[in-house]
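The values are calculated or read from the model by the stated rules, or taken from the named source; none is laboratory data. In this text the structure is predicted, and so the values were computed from the model without any measurement. Neighbour counts run over all protein chains shown; Cβ positions are idealised from the backbone, glycine included.
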Amino acid sequence: MCRAYFTSLWLLLLLAACAPPPIKPAVPPFAESSWEKLPDWQKADLGPSWSAFLQSCHALKSRPVWQDVCTQADGMKNPDNQALHSFFESAFIPYQVFNPDGSTQGLITGYYEPRLFGSHVKTERFRYPLYAEPDDMLDVELGDVYPQLKGMRLRGRLDGRRVVPYYSRAEIDDGKGMQNVLFWVDDEVDLFFLQIQGSGRIELPDGQLVKVGYADQNGRPYVSIGKKLVDMGELTLDQASMQGIRQWGEKNPDKLKWLLEQNPSYVFFRTLPGGLTAPLGALGVPLTDAYSLAVDPHTIPLGFPVFLSTTYPNEQAPLNRLMLAQDTGGAIRGAVRADFFWGYGDEAGKEAGRMKQKGQMWVLFPRGVAPASN
């Protein structure tokens, strides 16, 4: 689903020209823990976690540190819950994740795979374009020029002989540079949220469902319009959910376009094979409903098991389970920070839209692998 964003062009160039190489922390934000400290670990049903773990092994098993673990997992046929507990406890060591200030709690939000109604042709009903990656957008790997910016990319375009930032959301909505339309959809708010989620399904007039997924992004920074409404005093923090934003738009249709354009980030899509069981995460494997997490890969290595301790949306009921770090997200930045994948459809959307919980995280590292060497 790769829901990552790329920092804006001008900021990256400023960093490259003026800033010294970033100082990496000598010690990663992890501390070795024990299984007894994972809430409800002994009672956890690891069956669904196992299915998600095997998906991670598809992507990781060629790496030396994962070969033995994934080979052992592949050899386990229909393991029961006790066998799964024994496997994880013998093969892994849990490390608790810490924020830079030493705290252990962070924000856990949710995302899902939405359904939109669309068409291959523009009509009075279907008038909002879902764009494929534009032909004129440049992709520059900054680490090839500035080693201190390894892993960072920019998105730009040519203006004469100059490379300038790619068009913002407002400019794209006005039609600048856009020719590659995949579909036309009937709701601009649904289209906006599809870009936040990173993948979805388009229901065509004949009932056919077409899967679409993240292709690229315009390089502009992500800005939360929910936070914008809170800062304006239009919504309270508790109201700043997907549902609350939609209701605000229904009450303020003349201001909706302005609000959406406060987030200059814009995501482009591609059609996905119809046989996929679920969206593809940044790891390149299908996500597992309620058992896949989007994380900040600068801290949490993709593919690793993560024990999450949080609560259900709008409830105090504990939600403690073994998840897999299989995706990333534009708003997912920080150590103790994750996005919980709820699955497909309206019910998943309701859960995802309400989820703004506090939580703690433990990453499971294969025995013999220190956090710094992943």
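Let's see how each residue does on (1) in contact (Cβ under 8 Å) with a residue 40 or more places away in the chain; (2) out of contact with any helix residue (DSSP H, G or I) (no Cβ under 6 Å at 6 or more places or on another chain); (3) within 12 Å of Leu46 (Cβ to Cβ); (4) loosely packed, with under 14 Cβ neighbours inside 10 Å:
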position: Asn78; (1), (2), (3), (4): no, yes, no, yes
position: Phe88; (1), (2), (3), (4): yes, yes, yes, no
position: Phe98; (1), (2), (3), (4): yes, yes, no, no
position: Gly102; (1), (2), (3), (4): no, yes, no, yes
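Of all the residues in region 349-365, those that are farther than 26 Å from Phe92 by Cβ and crowded, with 21+ Cβ neighbours inside 10 Å number 4.
The residues of region 351-365 that are over 16 Å from the mean Cα position of the chain (by Cα) and either modelled with pLDDT under 90 or small (Gly, Ala, Ser) (or both), listed by number, are Arg354, Gly359. Scanning region 133-167 for residues that are in a loop (DSSP other than H, G, I, E, B), on the phi < 0 side of the Ramachandran plot and of a type outside the set (Asp, Glu) yields Pro134, Met137, Val145, Tyr146, Lys150, Met152, Arg161, Tyr166, Tyr167.
Being farther than 27 Å from Pro286 by Cα and polar (S, T, N, Q) narrows it down to one residue among Gln179, Gln217, Gln195; which is it? Testing whether each residue is farther than 27 Å from Pro286 by Cα and polar (S, T, N, Q) leaves just Gln179. Quick one: would you say Pro273 is within 30 Å of Cys57 (Cα to Cα), surrounded by 14 or more Cβ atoms within 10 Å (Cβ to Cβ) and of a type outside the set (Asp, Glu)? No. Search region 205-221 for residues being farther than 15 Å from Phe269 by Cβ and touching a residue at least 40 places away in the same chain (Cβ under 8 Å), and hand back the single one that is farthest from the chain's Cα centre (by Cα). Top of the filtered list is Pro205. Being basic (Lys, Arg), farther than 30 Å from Ala370 by Cα and within 25 Å of the chain's Cα centre (by Cα) narrows it down to one of Arg153, Arg127, Arg115, Arg63, so name that one. Result: Arg115 is the single residue among Arg153, Arg127, Arg115, Arg63 that is basic (Lys, Arg), farther than 30 Å from Ala370 by Cα and within 25 Å of the chain's Cα centre (by Cα). In this entry, Glu124 passes the filter for residues that are free of Cβ contacts under 8 Å to residues at least 40 places away in the same chain and closer than 30 Å to Lys350 by Cβ. Looking at region 288-310 only, could you name the residues that are of a type outside the set (Asp, Glu) and assigned to a loop (DSSP other than H, G, I, E, B)? Residues satisfying the conditions are Thr288, Ala290, Tyr291, Pro297, His298, Thr299, Ile300, Pro301, Leu302, Gly303, Phe304. Given the criteria under 16 Å from the mean Cα position of the chain (by Cα), more than 17 Å from Asn99 (Cβ to Cβ) and surrounded by fewer than 22 Cβ atoms within 10 Å (Cβ to Cβ), does Gly368 qualify? So Gly368 does not fit the description; no. Here Ala170 fulfils each of the conditions (1) within 22 Å of Glu351 (Cα to Cα); (2) assigned to a helix (DSSP H, G or I) apart from (1).
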